[in-house]
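Below you'll find the structure, written out as structure tokens, and then a few comments.
The values are calculated or read from the model by the stated rules, or taken from the named source; none is laboratory data. Keep in mind that this is a model prediction, so the values were computed, not measured. Cβ sites come from the backbone with ideal geometry, for glycine too, and all protein chains shown count toward neighbours. We work out accessible area using only protein heavy atoms, side chains counted, and drop any ligands, DNA or RNA first. Shrake-Rupley method; radii C 1.70, N 1.55, O 1.52, S 1.80 Å.
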Amino acid sequence: MRPHRGECVVAPARDSRPEGWARRIVALKGNALQGSAGPSPGFSLGITGLALSLLLPLRSLPAQAIGQGVELERAGQYDRAASLYFATLRADPTNLAALLGLERVLPPLNRLEELLPVARRAAAAGPQRAALRGVLLRTYVALSETDSARSVALAWAADAPRDEAPYRDWAIALEDYHHHDAAREVLLLGRRAVGRPAAFAIELAELDQRTGDWESAAREWAAAVTESPAQLPNAAGDLSEAPEVQRERVTRVLTSGDPPAVTRRLAGELLLGWGQPQRAWDVFAPSVATPSADAAYALRRFADLAAASNTPAARRVGALALARFAEMVPEPLAVRARADAARAFLEAGDRAAARDVLERVARDSAAPADAQALAQSAVIEALIDGGQLDEAGRRLDAEGRLTAEGRAALRLRLAEAWVRRGDLDRAAQALARDSSVDALAQRGWIALYRGRVQEAQQLFKAAGPYAGHRRDATERSAMLALLQQIPTATFPELGAALLTLARGDSVPAVAALRLAAVHLETGGSGGGRPDILLVAGRVAARLGPDERRVALALFAEVVRTGGSGAAAPAAELEWARLLERDQRTAEAIQHLEHLILSYPGSAVVPEARRELERAKGAIPKS
């Protein structure tokens, strides 16, 4: 928003003009403090004019009067303030602060015509002061004295042939009163007069935007950024507001022929913001083909803009920008940029590109040790995520620049990948030289997948409650509780079922768990059977409609046959949750009430109470 004289903190304006006009003007010329920016309807002085009123070098008595006038304005006593300003002008006809004060207070009093004589006298007494001429010009426009406004503006322009201020002030004054066509004519007249093709491009662009001519606005902004590249963020911000139906036309204007680099950058930023990241990069990339400080800055900006978009395609083009940025900056910055690019490539799912970038860092003997370690770690992670587990293992064994903590984390990740592939021997081999509690926990899972129930219990207990993340510890504790119900030291059927689940094959895992439960039942003791069925039900509940029906049957069976163990109340809670998900709220409430009454000592009762309150609508769903 530009600082208008018409946006006063002390005198209300009658109207407000669209935002943005002199935000650009101030950036170009700083004319507001020279008195050349135009008023909005009401002529009340804005922040800039008010500051000017207080800061102008004045003799002590007039300065005191101006200060008193401003205080009266703040108190809403415009009539008394006007009297003080008129008195000041009688003693000093060219006192700009007093003239600006009258611009503020006379419109609310419906006395604007009284400003005209003093404005004329001031302009005549100080014809070389642009600010005084600006007051007179704005007054004529406000009073709709078109010919007089034209005479003042052209006389001012004749005295300063290459000065843009007369035309800019004239156009702004006209535009403030919504005379858009007249303002355009003035700006085009000024462009011809000053002899500069890009003169007033920003003002014309904003006029075009207000009238819905987005193609013309794009052409003017292209001229503006070509002359002043620092205006690119302003251009992108304004043109980004183009309606969707106009965006292709704007893009065509900016990309047709062989546009300058800065115009390509503008088009690229717009396309990126409009959700076309790959096209944005294709348009933008040629503008940064030649290394330079300007190109490096543009790449960094493009990468930051891409990072703000939460889509894989945007992250990928951001990574491309960072990789090219790394080619143009000193080595410490380049290493970091490549690491960031690799991370972005990984987030975008382009592991091959990530590995290519990171291997450059890893091979760079001049790169800082921590950067090399980071690069090596990321390369190995990319290999694991890409399924190249043998190569990941070889690099992990050979790479000496990894930290001990980083190496341990990678070994754990590699072991988990081998588990997902179903190769338990290779998973165990990956952890052979790792004695950390995290490795003990993973060895416990490997033992369990092999059906070695007793060994898994021992390893889980040795790992303790602090291995891995909190979720890992919770899952491990629940499994340990289940295993303690199993009467045998080995249980290959359960191990195979859990391995199937770990590999992501959920539907076959449910069937395998049910078979394992049947095996326990036929084996005699039946210990642990309800717990295994509870696990199967929880897995099935996360799947499709058919599997959810299986889950309901499993939960019902556990409640019916689970006795006084922990599985029965846990199953009834899951049963109620699944019913509520299926919009069967009344049935869910019955089960929750039954659970609370039948198992008052169960650890799940607090959760059941909360679910009951939620089901009854006592608290909102989170």
Helix 437-449: inclination vs the chain longest Cα principal axis, degrees, rounded to 10, gives 50
Rounded to the nearest 10, the angle in degrees between the Cα long axis of helix 331-347 and the longest principal axis of the Cα atoms of the chain comes to 60
Rounded to a whole %, the carbon-and-sulfur portion of the accessible area of the chain at a 1.4 Å probe is 52
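Please list W575, W170 in order of solvent-accessible area, largest first, computed with a 1.4 Å probe with all protein chains present. Each step should come with its number before you reach the end.
Values: W575 50, W170 10 Å².
The residues order as W575, W170, largest area first.
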Averaged per residue, the 1.4 Å probe accessible area of the chain, protein heavy atoms only, in Å², is roughly 45
Expressed in nanometres to one decimal, the distance between label points 7 Å along Cα→Cβ at A369 and E587 is 6.4
The size of the Cβ-based charge dipole (Lys, Arg +1; Asp, Glu -1) of the chain about the Cα centre, to the nearest 20 debye, is 580
The long-range amide H neighbours of R452, using H built 1.01 Å from N in the peptide plane and a cut-off of under 5 Å, are F491
Residue separation between E613 and N310 times 0.36 nm, minus their alpha-carbon distance, gives in nm 105.5 nm
PRE zone check, label point 7 Å out along Cα-to-Cβ of H180, amide N under 17 Å, scope region 210-235, hits 210-221
With the dipole of the chain defined by +1 on each Lys or Arg Cβ and -1 on each Asp or Glu Cβ, the option from S598, S292, G544 whose Cα lies farthest towards the positive pole is S292
If R0 = 22 Å, then T490 and L515, at their Cβ-Cβ distance, give a FRET efficiency to the nearest 0.05 of 0.85
For D385, placing the label point 7 angstrom along Cα-to-beta-carbon and taking region 350-364, residues whose amide nitrogen sits under 20 Å are 350-363
So E215 and S292, fully extended at 0.36 nm per residue minus their Cα-Cα distance, gain in nm 24.7 nm
Under a 1.4 Å probe, counting only protein heavy atoms, H519 has an accessible area in Å², nearest 10, of 90
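Add -39500 (n - 2.57) for each DSSP H run of 4 or more in the chain, then divide by its residues: what number comes out at 222 nm, to the nearest 500 deg cm²/dmol?
After summing the helix terms and dividing by the residues of the chain, the value is -22000 deg cm²/dmol.
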At R0 = 51 Å the Cβ-Cβ FRET efficiency linking R111 and D258, nearest 0.05, sits at 0.30
So, relative contact order of the chain in percent, Cα under 8 Å, 6 or more apart, is 5
Between the modelled labels at A155 and D434 (7 Å from Cα along Cα→Cβ) the distance in nm is 8.7
Heavy-atom accessible area of R610, protein chains in place, probe 1.4 angstrom, given in Å² to nearest 10, is 120
Simple SL model, points at 7 angstrom along Cα→Cβ for A198 and E547; separation in nm is 6.0
Rounded to the nearest 10 Å², the 1.4 Å probe accessible area of T263 is 10
